[in-house]
Amino acid sequence: MSLIATRDGFGDEIVALGKENKNIFVVDADIGKSCKTGAFMKALPEQHINVGIAEQSAAGVAAGLATCGIIPFVVTYAAFGSMRMVEMIRQEACYPNLNVKIACSHGGVTPANDGASHQCIEDMGILSTIPNMTVIMPADYNSARKLVRAAAGKYGPVYLRFTRDAIPEIYGPDEQFEIGKAKQLRDGSDAAIIANGDTVRLAIEAAEVLEAEGVKVRVLDMHTVKPLDVEAVTAAIEDCGKIVTVEDHNIINGLGAAVACVAADLGKGQVKRIGIQDQFGQSAPYERLLAMNGITTENIVVTVKAML
Amino acid sequence: MQDISVSELKVIANDLRKKVVTMIYKAKSGHPGGSLSAAEFVTAAYFREMNIDPADPKWPDRDRFVLSKGHVCPIQYAALATKGYFEESVLDTLRKEGSILQGHPDMKKCPGIDISTGSLGQGFACGAGMALAGKRQGRDYRVFVVLGDGELDEGEIWEAANVCNKYALDNVVVFVDWNNLQLDGTCDQVMPLLDIGAKFESFGFEVWNIDGNDMQQVVDALDEIRERKNGKPKCIVGKTVKGKGVSYMENQVGWHGTAPNEEQYKQAMLELNGGAV
């Protein structure tokens, strides 16, 4: 299995989109090269803007562009794209429901050795609470490409979160994705593992281990946190009863919380959340940071078995 | 640009002031002080300078108007109603449930609003984005941005100024309504602004320092700006009087966000109708 970061999927797809549609713009904030917009900058300079290290005006400029029929992708790191400019996103993109996309690399703990300032564990929760916003984290390179394309084609504000670090490819290039529709990667009725982003690979590995032990679990790639695929979650609760969620995000206000809300509304099912334990990270290897929070194949297996 | 005299513009500005005071009196809330200080620029922009069509508020080639200090929307609503974007009777619904006239401008509800504002410091960057879109799309429109003096405290204002300079947005016309009062006190008390014109000059703007309540000076500045397609963004720093036109509101920080009572309303209308001060 080859390894590639999902920020590369964004970088490759945005160039393709920009060549097809002259209204696709990139608004960089001086970390374009790191966020993989270098090729776009070179190929499509008339559709590229760099506002400097100034995320707040990046969001505002993007909103202004959007009022003129342009589809701007504001590109930065997740920590800055979700927090430095969150009020501009709320006021100038979400409130007027403008066609602004926020595309962020360095999601979760993937900026590992950069330390806690650059790791971002709060973003999807923060953005999910704003009306009109769509929140997406693809699980691999090919799904990143497909979901970037889908985001460009969906009217309204969308937040996309990518990995800095390389992760395994899960999907082939022809796989189809729809915003708000989970991808079922395996079926089973003993339990379900609902994951997104860079943890989907761990969910698949855990399901393989469990299957070898005779436990059949369903695995869902919940790439869209908002709007959540309530139908798929409901079906998992109805069919499996036991749900384990996995995410490279704070367990507060992330995927696990969203899934638990569905179970609470139904008054059915049992949900266990695996994710960042409401604590800041540190400079350390990516896999170590995940392990410090129990985000491992082994812990997913143990957690599922404890529920059976 | 429309052919209209300075004396006619003065009459319109006075009429807009009356609408502002009436609207806020009926709503029992709103921001009269900064609405009144900006009246000359708003009038000159809407009734003389801007290329707009009230029958087609989304016309792609229209000039844009960004009220970055969105809380003074009563003066913009008064201008829009007078221009015919909506019925003047709608002004009576300001800040009421279901109204198109929200407490701060809402582009999805009110025709003629080019961007929703209300959180200070944010509108300017949106205006820069509109101007940049015009340049990239080869459209000839301009973007008129009204900034409050107090919102110059916000860092995003200067980020947006950088964008105007870098991308040579000579289609941006900023008006700074320098009435020198913000919510908690004078600008000097809250956060000294020093020389606003010099600041904008150092950010690459061409600057006009004028009396922002003198219609002739506003018109003269706009006349000069119109012909200057030289790659430099424009800034008019208008020294103004907060509450201008209503004697008891003038230069009173307490009239930032207060509605007049019945007696005060009558007095304001008497003065604006040319009666005794």
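Have a look at the DSSP beta bridges in segment A:183-307 and tell me what percent are antiparallel, nearest 5. Before the final figure, lay out each step's value.
Working: 3 of 18 bridges.
Rounded to the nearest five, the antiparallel share is 15 percent.
Starting from the Cα-Cα distance between A:ARG288 and A:MET83, subtract it from 0.36 nm times their residue separation and give me the gain in nm to one decimal. Intermediate values should be presented prior to the final figure.
Numbers: separation 205, 0.36 × 205 = 73.80 nm, distance 2.53 nm.
Residue separation times 0.36 nm, minus the Cα-Cα distance, leaves 71.3 nm.
Peptide B:153-165: average number of partner chain Cβ atoms within 10 Å per residue? Don't skip to the end; give the middle numbers.
On the way: counts 0, 1, 3, 10, 2, 2, 11, 7, 1, 4, 11, 0, 0.
The mean count of partner-chain Cβ atoms within 10 Å per residue comes to 4.
Of A:CYS94, A:GLY52, A:GLY156, which is farthest along the charge dipole of segment A:49-169 in the positive direction, counting Lys and Arg as +1 and Asp and Glu as -1 at C-beta?
About the Cα centre, the residue reaching furthest to the positive side is A:GLY156.
What is the distance in Å between the Cα centroid of segment A:1-28 and that of segment A:187-254?
Each part reduced to its Cα centre gives a spacing of 28 Å.
Between B:GLY134, B:ASN14, B:ASN180, whose Cα lies farthest towards the positive end of the dipole of chain B when Lys and Arg beta carbons carry +1 and Asp and Glu beta carbons carry -1, centred on the Cα centre?
Looking along the dipole axis, the top candidate is B:GLY134.
Under the rule a/c < 1.5 gives rounded, and otherwise a/b versus b/c splits prolate from oblate, where does the protein assembly as shown land using the Cα gyration tensor? Intermediate values should be presented prior to the final figure.
On the way: a/c = 2.62, a/b = 2.08, b/c = 1.26.
Judged from the Cα gyration tensor, the protein assembly as shown comes out prolate (a/c at least 1.5, a/b above b/c).
What average count of beta carbons from other chains do you get within 10 Å of the Cβ of residues in B:107-117? Before the final figure, lay out the partial values.
Values: counts 6, 4, 1, 0, 0, 0, 1, 3, 9, 8, 3.
That average works out to 3.
In debye, nearest 20: dipole of the protein assembly as shown around its Cα centre with unit charges on the Cβ of K, R (+) and D, E (-)? Numbers along the way, then the final one.
Details: 59 positive and 76 negative charges, 114 e Å.
For the protein assembly as shown, the charge dipole is close to 540 debye.
Farthest toward the dipole's positive end in chain B, which of B:GLY30, B:MET249, B:GLN217, given Cβ charges of +1 (Lys, Arg) and -1 (Asp, Glu) about the Cα centre?
Working it through, the farthest residue towards the positive pole turns out to be B:GLY30.
Given a Förster radius of 56 Å and the C-beta distance between A:ASN113 and B:LYS28 as r, what FRET efficiency does 1/(1 + (r/R0)^6) yield to the nearest 0.05? Provide the component values of the computation, followed by the final result.
On the way: r = 58 Å, r/R0 = 1.03.
Rounded to the nearest 0.05, the efficiency is 0.45.
Can you tell me the relative contact order of segment A:3-168? Whole percent, Cα pairs under 8 Å, sequence separation 6 or more. Can you show the working numbers first?
Values: 358 pairs, mean separation 49.1, N = 166.
Answer for segment A:3-168 is 30 percent.
Would you mind telling me the antiparallel percentage of the DSSP bridges in the protein assembly as shown, rounded to 5?
Details: 9 of 66 bridges.
DSSP beta bridges in the protein assembly as shown are roughly 15 percent antiparallel.
Counting each DSSP H run of 4 or more residues in chain B as -39500 (n - 2.57), what helix-only mean residue ellipticity at 222 nm follows after dividing by all residues, to the nearest 500 deg cm²/dmol?
On the way: 10 runs with 106 residues, N = 277.
Calculated from helices alone, the mean residue ellipticity at 222 nm is -11500 deg cm²/dmol.
Can you compute the modelled spin-label distance between B:MET1 and B:GLN216, with each label point 7 Å from Cα toward Cβ, in nm?
1.8 nm
Rounded to the nearest 100 Å², what's the accessible area chains A and B bury against each other, both chains counted, probe 1.4 Å?
Numbers: alone 11830 and 11410 Å², together 21100 Å².
The A and B chains share an interface burying roughly 2100 Å².
Roughly speaking, to the nearest percent, how much of chain A's 1.4 Å accessible area is carbon and sulfur? Numbers along the way, then the final one.
Working: 5410 of 10790 Å².
Answer for chain A is 50 percent, counting heavy atoms of protein chains only.
Taking a probe of 1.4 Å, how large is the accessible area per residue of segment A:3-168, in Å²?
Numbers: 4680 Å² over 166 residues.
Heavy-atom accessible area per residue stands at 28 Å².
What distance in nm separates the simple spin-label points at B:ASN261 and B:ARG228, each placed 7 Å from Cα in the Cβ direction?
With each label point 7 Å from Cα toward Cβ, the separation is 4.8 nm.
On a straight-distance basis, which lysines could pair with B:LYS229 in a cross-link, Cα separation under 23 angstrom, same-chain partners fewer than 8 positions away excluded?
Partners within reach: B:LYS135, B:LYS166, B:LYS199.
Which residues of segment A:31-49 end up with at least 40 Å² less accessible area in the presence of all protein chains than when their chain stands alone, using a 1.4 Å probe?
Buried by 40 Å² or more upon assembly, which counts only protein chains, are A:ILE49.
Quick one: which bits of segment A:76-115 get at least 40 Å² less accessible when the partner protein chains are in, versus the chain alone, with a 1.4 Å probe?
Residues meeting the cut-off: A:GLN91, A:GLU92, A:TYR95, A:PRO96.
Provide a whole-number value for the mean count of partner chain Cβ atoms within 10 Å of the Cβ atoms in peptide B:130-136.
Working: counts 8, 4, 9, 11, 2, 1, 9.
Going residue by residue through B:130-136 and averaging, the value is 6.
On a 0 to 90° scale, report how tilted helix A:297-307 is relative to the longest principal axis of chain A, with both axes built from alpha carbons and the result rounded to the nearest 10.
Once rounded, the angle reads 50 degrees.
The values are calculated or read from the model by the stated rules, or taken from the named source; none is laboratory data. Keep in mind that what you see is a predicted model, and the values were worked out from it rather than measured. Here the Cβ is made from the backbone with ideal geometry for all residues, glycine too, and neighbour counts use every protein chain on show. Ligands, DNA and RNA are excluded from the accessible area calculation, which covers all protein heavy atoms including side chains. Shrake-Rupley method; radii C 1.70, N 1.55, O 1.52, S 1.80 Å.
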